[in-house]
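The values are calculated or read from the model by the stated rules, or taken from the named source; none is laboratory data. These numbers were taken from a predicted model, which means no experiment stands behind them. With ideal geometry, Cβ positions are generated from the backbone for all residues, glycine too; neighbour counts draw on all protein chains shown.
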Amino acid sequence: MAIAPERPHIYEGTRIPSPIPTVLQVPPDLRSSEDVLRINFGPNHPSTHGVLRLVVDLHGEEVLGLAAVVGYLHTGFEKNMEQKSWWKAITYAPRIDYLAFQNNELVFVLAVEKMLGLEVPARATWMRMLLAELNRIHSHLVWLGTAALELGAISMFWYCFRERDRILDLFELVAGYRMHTRYFQVGGLAEDVPPGFWDECAKFVEVMPKAIDDYESLVNRNEIWLERTQGLGLLSADDAIALGQSGPVLRGSGVDWDLRRAESYLAYDQVDFRVPVYQEGDVYARYRVRMEEMRESVRIVDQALRRMPGGPWIADDRKVVLPPREELHTSMESLIHHFKIVTEGFRVPEGEVYVAVESPRGELGCYVVSDGGPKPWRVKFRAPSFVALEATATAMSNALIADMIAIVGSLDTVMGEVDR
Amino acid sequence: MVDAALHLRDELGFNFLSDLAATDYLGWGKAGVSGYIGTPAGRDLNEPSTQGYQRLPVEKPQRFSISYHLLALSEGAPRVRLQVWVGDGQSVPSVVGVWPTADWFEREAWDMFGIAFDGHPNLSRILMDDDWEGHPLRKDYPIGGEPVRFSGEE
C-alpha cells in the first residue's frame, strides 16, 4: 500500500500555490501589465456543473491566475438537519449530493447507527452495498457523459444517459423514487426489496460491461479526447494528499487508497474487487480510474446479487425502528412505539462520531454530535467535491483556457455538495 | 497547537486532514435529556427506557469546539480526532501551513461560526455572501429570520 513519503516542508517541490493554497496568483511582474485580462467564468456557465464561479486572469489563452468562488448553491442543509428529528434528517442527506444520493444517505445512517450501537441485518448490509455501487456507476456515467459533452463529444452523453436511465429505473423499482430515494433507514432498509428487482438488476449487470466497452471504443483512442485530456491538470501524489484529495482524483495521482478496502465498511471485505490506480495524475488518468471503477462496481453488484442473504431487512429494535404495519392493529405496545417514533423521533445517545465512506467522488465523511435528544446537535458533511475544488489552482497552473473546462470537469464536482 | 499538528503529521504519519468541523455548544444540556441511557458501547438494552428527564449531557469546556479529523494513508487507516475548544471571540492558529486542504475548511468555519484563524492567508466568507451579517450555524442565529426582499409590499 502506498504511503506518502515524509515531507519536511509542505511547500518544497510542490505545485501548490503559496501563500494561499487555493488561489493561483498572477506573477508579480505581470500584475500591472495591460495584457492580463480578468474574466468571470460562471457562475452560470454550462460547463461548470452547476454554479461554480472561477475568476480567471488570462494572458492570451494562458491561465495566469485563478480563484474559485463557491457558495451560490448554499442551502443550509446542516442547519436544517439540526431542526429535524434524526429519522427525518435522513431525507436531507441524499439531496446534498444529487448524483451520489445513496452514498450520502448511507454515511448519515451509518453514523447514527454507530452512535446507537445498532446491529444491522446482513440482508440490509448487502443491499446497501449493491445500491451504493449502482449509485457509483450512475454518478460516473453522469460524469462521463457531461465531461465528454464539454469537450464536444455529444454522442457520449446520449449513450451514458441511456445506461443511467436503466439504473434510475432500478432505483425506482426498489425504492419508488428515481433520485433521492431515502431507502436506507436507521437499522436497515425502509422496505424489503421487491421480487422483480433481482431479474432486472441481473439484466443490467449483463448489459453494463458491454456498454462500458462501447464508451471506451468511442473515446479511448479518440485523437481529440487524448489531446484534450493527456498531460493536463497535473496533480502529483504528494500534492493530492496535501490538498486532501480523495477518490478517483487521488487514485489518478498514483495513490493506492480506497476506503472500501482500507476501512472496509458494509460487506466490502467479503467481495472481490480491484482498486484501479494510475500514476500520471492528469485528466486522462482520472478518466481511466472512473471507467475501471465502473467495471469493478458491476462486479460487486454481480457478486451481491448472487450472494444476497435472506432474512430480515431491518433491525428488530422497537425503540428505533418502526414496528411492522400489521402489528399496529393488534399490539398496544407497537402502537405506542410507532407513535413515539413518528411524533417525537427516537433518541440517540450523547456523543460524537465521524464516519467516512468512499462515495463516487471520494471520502464522504459525516460528523455527527448528539446531546442525547431526538434531534442532531450538529451534522457536518465532509464533502469530497468541496475539497476537490481546492485543487483547481494547483491543477490549473500552466493551463490554457480551453483546458480549464477539461480540468474542472475531471475533478467531478457536484455543486450541491460543495455548497451544502 | 500547530506544533501538535506538525507532530501528528510528521512523527505519527497523519498526513491527510479528512475534515475540520466546528460545533457550537451554546445551550448544550439546557433542555435536559430524556429517553434511554446510552453507554460508550452503544445502547444498553437492559436499561429501562423511560421518558422524562434523566440526566444532562456532559458539560463542555468552551462554547465552540473544532474537530480535526486526521487520517493516515497507511495500513489499517488509523484515524485521530484532534479537538480544540474556543470561547466566543477567541481565535485558533491556522493549520493551512500543515495541511493546505484546511484552507477552505477554516474559511467555512469562519463563515458559519465566526471562529477566527490566526495566520490564515485568506480568511473570508466562502459559502455566504461577502456582506452577510452573522454566522448561520451558530445556535443563536435564528431560523427563518432573514428579511424577504421583493415581497410585493413597498
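Some observations on this one:
- Looking only at the range A:319-350, and only at residues there that are surrounded by fewer than 19 Cβ atoms within 10 Å (Cβ to Cβ) and of a type in the set (Asp, Glu), the one that is farthest from the other protein chains (Cβ to nearest Cβ): A:326
- Checking B:17, B:70 one by one, the residue that is touching a Phe, Trp or Tyr at 6+ places or on another chain (Cβ under 6 Å), under 30 Å from residue A:389 (Cβ atoms), more than 7 Å from chain A (Cβ to nearest Cβ) and modelled with pLDDT of 85 or more is B:70 and no other.
- Among residues of the range A:254-298 being closer than 16 Å to residue A:358 by Cβ and of a type in the set (Gly, Ala, Ser), the one that is modelled with the lowest pLDDT is A:264.
- Extreme residue, farthest from the other protein chains (Cβ to nearest Cβ), among residues of the range A:49-70 that are under 21 Å from the mean Cα position of the chain (by Cα) and buried (at least 22 other Cβ atoms within 10 Å of the Cβ): A:49
- Residue within the range A:266-286 that is of a type in the set (Lys, Arg), assigned to a loop (DSSP other than H, G, I, E, B), under 23 Å from residue A:163 (Cβ atoms) and touching a residue at least 12 places away in the same chain (Cβ under 8 Å) present: yes
- Check on residue A:81, within 14 Å of chain B (Cβ to nearest Cβ), in contact with a strand residue (DSSP E or B) (Cβ under 7 Å, 6 or more places away or on another chain) and either assigned to a helix (DSSP H, G or I) or modelled with pLDDT under 90 (or both): yes
- Residue in the range A:370-385 that is touching a helix residue (DSSP H, G or I) at 6+ places or on another chain (Cβ under 7 Å) and assigned to a helix (DSSP H, G or I) present: yes
- Entry remark, the range A:352-374: residues being at the interface with chain B (Cβ under 7 Å from one of its Cβ atoms) and either farther than 30 Å from residue A:324 by Cα or touching a Ser or Thr at 6+ places or on another chain (Cβ under 6 Å) (or both) number 6 in total.
- Residue, modelled with the highest pLDDT, within the range A:84-107, restricted to residues that are of a type in the set (Gly, Ala, Ser) and under 18 Å from residue A:320 (Cα atoms): A:89
- Residue match in the range A:91-114 (condition: surrounded by fewer than 24 Cβ atoms within 10 Å (Cβ to Cβ) and small (Gly, Ala, Ser)): no
- With respect to the stated conditions, residue B:111 fails to be in a helix (DSSP H, G or I) and either touching a Pro at 6+ places or on another chain (Cβ under 6 Å) or β-branched (Val, Ile, Thr) (or both).
- Filtered residues of the range B:20-32 (kept if at pLDDT below 85 and at the interface with chain A (Cβ under 8 Å from one of its Cβ atoms)): B:28, B:29, B:31
- Any hit, the range A:226-237, residues being within 14 Å of chain B (Cβ to nearest Cβ) and either surrounded by fewer than 21 Cβ atoms within 10 Å (Cβ to Cβ) or in a helix (DSSP H, G or I) (or both): yes
- Conditions (1) touching a strand residue (DSSP E or B) at 6+ places or on another chain (Cβ under 7 Å); (2) modelled with pLDDT of 85 or more; (3) within 27 Å of residue A:70 (Cβ to Cβ); number of the one not met by residue B:2: (2)
- Residues in the range A:389-419 that are under 13 Å from the mean Cα position of the chain (by Cα) and part of a loop (DSSP other than H, G, I, E, B) were compared, and the one that is nearest to residue A:280 (Cα to Cα) is A:411.
- Residues of the range A:115-126 classified as in a helix (DSSP H, G or I) and either at pLDDT below 90 or touching a Phe, Trp or Tyr at 6+ places or on another chain (Cβ under 6 Å) (or both), total: 4
- Any hit, the range A:337-359, residues being assigned to a helix (DSSP H, G or I), in contact (Cβ under 8 Å) with a residue 40 or more places away in the chain and out of contact with any His (no Cβ under 7 Å at 6 or more places or on another chain): yes
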